[in-house]
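*Asks:* Before we start, here is the structure in question, set down as structure tokens.
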Amino acid sequence: MDIEAARETILTTLKKKSKSKSKFYLKDFYKMIPDEKPRAVKNVVNKMVQDELLEYWSSGSTTLIGLKGMGKQAHAEDED
Amino acid sequence: MAKHETPLLDQLESGPWPSFVSDLKQEAEARAKNERNIEYQIPVDAVDDLLGVLELSFKHGRTHWKHGGIVGVFGYGGGVIGRYCDQPDNFPGVAHFHTMRVNHPAGKYYTTEYLKQLCDLWDFRGSGITNMHGSTGDIIFLGTTTPQLEEIFYELTHNLNQDLGGSGSNLRTPSDCIGSSRCEWACFDTQAICHFMTKEFQDELHRPAFPYKFKFKFDGCPNCCVASIARADISFIGTWRDDIRIDQDAVQGYIAGDYPPNGGAHADGNWGAFDINKEVVNICPTGCMSMQDGKLEIDNKECTRCMHCINVMPRALRPGTDTGLSMLVGAKAPILDGAQMGSLLVPFVEVNPDNDYEAIIEVIEALWDWWMEEGKNRERLGELIKRQGFQKMLDMTGIKPMPQHVQEPRTNPYIFWKEDEVPGGFNADITEFRKHHLR
Amino acid sequence: MAFVSSGYNPKKPMENRITDIGPRKYDEFYPPVIAKNKGKWKYHEILEPGVLVHVSETGDEVFTVRVGGARLMSVTHIREICEIADKHCDGHLRFTTRNNIEFMVDSKDKVEPLKKDLASRKFDGGSFKFPVGGTGAGITNIVHTQGWIHCHTPATDASGTVKATMDVLYDDFSKMRLPAQLRVSMACCLNMCGAVHCSDIAILGYHRKPPMLDHEYLDKMCEIPLAIAACPTAAIKPAKVEIAGGEKIKSVAVKNERCMYCGNCYTMCPSMPLADTEGDGIVLMVGGKVSNRVSNPMFSKVVVSFLPNDMPRWPEMTDTIKRIVEAYAAGANKYERVGEWAERIGWERFFEKCELEFTHHLIDDFRDAAYYTWRQTTNFKF
């Protein structure tokens, strides 16, 4: 897999959708990189969190992922 | 002098059962006194305010907490649950009050040295209030502020050689029963495999990998003391394939009343003298036991290993020695489509630490591949099995169907045959057919 | 209070970072008698309520004294547990799955001094700190969830309902007179963080009202698509709402009859709270078990559809639980669990024996599984 291209695709897709929605399930990322196995995409996404491009949001039972600092949650949670 | 009046909570201080209210009060007082000269890193009156806000909930009949999803430690998707008080001005000590899950050691044995280290850390950087333990098994640190999360994690990993547990769409902290460490019935070393799997799948435990939560639980025998069969996506339950070991002398001991039945569990009831026919032979669900010439006989081939006779006569009967485990899959609590028990997938597999539990890992990986590919968002494995069918799971794991997989065969004949299962496929020649059947 | 750094550098989170090390290894913590005899245990016996002996093939014995604990525990209390373990157990102890604490000693003469020490310790309010019991055919500690102490969607309190219940059931914690063990569990909302769905008696917090909608703030605080996606029954849809002053704003509407009151939307969106004084209360479920002993594992069944929250001691709830326990104690055969007893005598008889009212709420009407719970036979009792 071209990891750089995959990361770029993820960032572009998330930015495009950021007006209406800032957080996504892991499965939504699989659709962005349809030719790769879920496991491979998962590793790219988790690495992007390490690199501070993305961040997790946890409901406790499920985890959502979005662009770092985007969305209304940070403000609502008093963490911005 | 308490910071907040708590007339309702005060009524929970009486009665014999340990009062959490008394305990919270003693902690609030200890923090106020600070005899250890701790430089508290979160408000010293956090526990006072915790009592205050709980009293308010008792008064209102409503919670005063809000959820927070962003806070965590860097690079981990689980292990921290954000909490904020919805009355921060009245209870500033708990305005930000996040939970941390600390991965407990398998078997939940501790040395006091280690527990005291945890206490010192949590006193210093958190509220000093814990759960020993949470429902999944983790040690729960209840209440700290956002800046302290990384500090606590740093100290845990650097000084205590200790990691966080799982939450979110991750592998959750695996847990186990006491196993062979102090139980004669354990058919495998639950602690060894629980620890191994926890270490093996650290990435899956700390970073979202799945459509939803995923739980492993290890029960050493079919008594299921950690309730794996009811709440683990994969339950690992010890079992055996050979004969129940019998000590006939000890059987006679029970009959003679030398030993208390059921390990003395019924000592305070008026149950009369032990009657082996009434209490063991006739209760056996398969009817595979009998008394012949005063000797206890077991038709082991017919035994389903329910543990009843062994539970009743622990000195006389023990599980066999050809031991392994059964894997049942898909258990979950009711939300959403109803509760599910684990369904039997692998009746018997060897538990072999020498090859890193190869045979077991193979099944786990196959199930995960399937679920990661096909599982919908927030769909547990058990729900996927229901949606796509048990057969599909057999396909994905390469396990052969066998009568053990079902309670009973299907009651409808609506078998959706696949084309390659039917000779000639689905494209019969209509012209050929019409040669013999007029329109 | 001055900030004290652990050594962590917030500007460079990856610097010297240690991750993925997992838990401490279990065998570091084994008491010597456990380490030596692991895998060699021959049999066990409950010598008296709360006191067990395990006998090894080596001839060694380990004596365990089990005590109840509120799972909500302060470090002061844990340090006291450590003090006891240091004094009697060479610095070792363990916790059970059901939040009990186990003190282990390697000879019988160490049991009495340990028990005496434990019994002597009481909280200022008068309750025992370390009640001995929770073994055999009795009632052990209640596993439970957070409740009002720390959760955002509970319909009742957990520690409070548990304390009130255990005070009422205390005799059966310290005795073993029941037909079999009786497991009580508590979860404070239908999400069941504590898996109570297979317990002999389950206390469940339950909401009965859909979430409130804070329209004016909803779109500011929450991402509407996330709130919609959070709903497991697809009851939430986007809506335009006119607020005071005539302004039309984006918000959501909830199809009330589809709402199952899970609070998942509130988790995503703080403008959709559902806690309600009159709406919230307790459901009681009965007859579940996880053991495979004699009969298959069973789910618990709803036998009381609602009891109001009555703080601080929930007397109606504890009275009902006590009544069920007494009816079971009087009616069940030796070794029979609550669910097995109810199935043997029939649920119609169960309601009679426990003096519980049967209402339409107790007949399943949720999806396909409901049919299988109706009676498809003429075999019933009057």
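*Asks:* Check off (1) surrounded by fewer than 21 Cβ atoms within 10 Å (Cβ to Cβ); (2) under 24 Å from C:ALA229 (Cα atoms); (3) within 8 Å of chain B (Cβ to nearest Cβ); (4) in contact with a helix residue (DSSP H, G or I) (Cβ under 7 Å, 6 or more places away or on another chain) for C:PRO270 and give me the number that stays unchecked.
*Replies:* (1)
*Asks:* Let me ask something else. So how many residues does region C:1-59 have that are more than 7 Å from chain B (Cβ to nearest Cβ), among the polar types (S, T, N, Q) and surrounded by 15 or more Cβ atoms within 10 Å (Cβ to Cβ)?
*Replies:* The qualifying residues number 2.
*Asks:* So which pairs qualify, if the first residue must be in region C:332-345 and part of a loop (DSSP other than H, G, I, E, B), the second must be buried (at least 21 other Cβ atoms within 10 Å of the Cβ) and among the aromatic types (Phe, Trp, Tyr), the Cβ gap must be under 7 Å, and the two must be at least 6 apart or on different chains?
*Replies:* Once the first residue is part of a loop (DSSP other than H, G, I, E, B) and sits in region C:332-345, its partners that are buried (at least 21 other Cβ atoms within 10 Å of the Cβ) and among the aromatic types (Phe, Trp, Tyr) give C:ALA332/C:TRP341.
*Asks:* Between a first residue in region B:75-95 that is at the interface with chain A (Cβ under 8 Å from one of its Cβ atoms) and a second residue that is assigned to a helix (DSSP H, G or I) and of a type in the set (A, V, I, L, M, F, W, C), which pairs have beta carbons less than 7 Å apart while being 6 or more apart in sequence or on different chains?
*Replies:* Listed pairs, sorted by first residue: B:GLY75/A:VAL49; B:VAL80/B:LEU149.
*Asks:* A further question on this structure: Taking B:GLY179 and the conditions (1) touching a Pro at 6+ places or on another chain (Cβ under 9 Å); (2) on the phi > 0 side of the Ramachandran plot, which numbered condition does it fall short on, given that it satisfies the others?
*Replies:* Here B:GLY179 meets the rest and fails (1).
*Asks:* Do the conditions hold for C:ALA70, that is, is it at the interface with another protein chain (Cβ under 8 Å from one of its Cβ atoms), in contact with a Pro (Cβ under 7 Å, 6 or more places away or on another chain), closer than 21 Å to C:SER120 by Cα and among the aliphatic types (A, V, I, L, M)?
*Replies:* Considered against the rule, which asks whether it is at the interface with another protein chain (Cβ under 8 Å from one of its Cβ atoms), in contact with a Pro (Cβ under 7 Å, 6 or more places away or on another chain), closer than 21 Å to C:SER120 by Cα and among the aliphatic types (A, V, I, L, M), C:ALA70 comes out as yes.
*Asks:* Identify the residue in region C:248-269 that is in a strand (DSSP E or B) and aliphatic (A, V, I, L, M) and, among all such residues, is nearest to the chain's Cα centre (by Cα).
*Replies:* Within region C:248-269, the match that is nearest to the chain's Cα centre (by Cα) is C:VAL254.
*Asks:* Now for a different question. As an exercise: evaluate B:ARG182 against (1) over 18 Å from B:TYR109 (Cβ atoms); (2) away from chain A (no Cβ under 14 Å); (3) out of contact with any Gly (no Cβ under 8 Å at 6 or more places or on another chain); (4) not aliphatic (A, V, I, L, M) and give the number of the one condition it does not meet.
*Replies:* The one condition B:ARG182 does not meet is (1).
The rows are residues; the columns are (1) among the small types (Gly, Ala, Ser); (2) surrounded by 24 or more Cβ atoms within 10 Å (Cβ to Cβ).
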site: B:THR144; (1), (2): no, yes
site: B:GLU150; (1), (2): no, no
site: B:ASP163; (1), (2): no, yes
site: B:THR173; (1), (2): no, yes
site: B:ALA186; (1), (2): yes, yes
site: B:THR190; (1), (2): no, yes
site: B:ASP219; (1), (2): no, yes
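*Asks:* Suppose we keep only residues that are of a type in the set (D, E, K, R) and assigned to a loop (DSSP other than H, G, I, E, B) within region B:1-17. Which one would you say is nearest to the other protein chains (Cβ to nearest Cβ)?
*Replies:* Among them, the one singled out is B:GLU13.
*Asks:* Looking at (1) modelled with pLDDT of 95 or more; (2) outside any helix (DSSP H, G or I), which is the one condition that is false for C:THR161?
*Replies:* Condition (2) is where C:THR161 drops out.
*Asks:* Do we have any residue at all in region B:429-439 that's out of contact with any helix residue (DSSP H, G or I) (no Cβ under 7 Å at 6 or more places or on another chain), surrounded by 10 or more Cβ atoms within 10 Å (Cβ to Cβ) and not assigned by TED's automatic domain parsing to the domain that holds B:LEU336?
*Replies:* Checked against the condition, which is being out of contact with any helix residue (DSSP H, G or I) (no Cβ under 7 Å at 6 or more places or on another chain), surrounded by 10 or more Cβ atoms within 10 Å (Cβ to Cβ) and not assigned by TED's automatic domain parsing to the domain that holds B:LEU336, region B:429-439 yields at least one hit.
*Asks:* Spot the failing condition for C:ALA85; the list is (1) surrounded by 16 or more Cβ atoms within 10 Å (Cβ to Cβ); (2) in contact (Cβ under 8 Å) with a residue 40 or more places away in the chain, and only one is missed.
*Replies:* For C:ALA85, the failing item is (2).
*Asks:* If we only count strands (runs of 3 or more DSSP E) wholly inside region B:277-352, which ones have 3 or more residues that are within 13 Å of chain C (Cβ to nearest Cβ) and surrounded by 19 or more Cβ atoms within 10 Å (Cβ to Cβ)?
*Replies:* The qualifying strands (runs of 3 or more DSSP E) are B:323-329.
*Asks:* State which residue pairs qualify: first residue more than 17 Å from B:THR145 (Cα to Cα) and within 11 Å of another protein chain (Cβ to nearest Cβ) and inside region B:33-59, second residue in a loop (DSSP other than H, G, I, E, B) and β-branched (Val, Ile, Thr) in any location, beta carbons under 8 Å apart, and separation of 6 or more residues or different chains.
*Replies:* Close Cβ pairs (under 8 Å, with a partner that is in a loop (DSSP other than H, G, I, E, B) and β-branched (Val, Ile, Thr)) amount to B:ASN34/B:VAL44; B:LEU51/B:THR6; B:LEU54/B:THR6; B:GLU55/B:THR6; B:SER57/B:THR63.
The values are calculated or read from the model by the stated rules, or taken from the named source; none is laboratory data. Keep in mind that this is a model prediction, so the values were computed, not measured. As a convention, Cβ positions derive from the backbone with ideal geometry for all residues, glycine included, and neighbour counts pool all protein chains shown.
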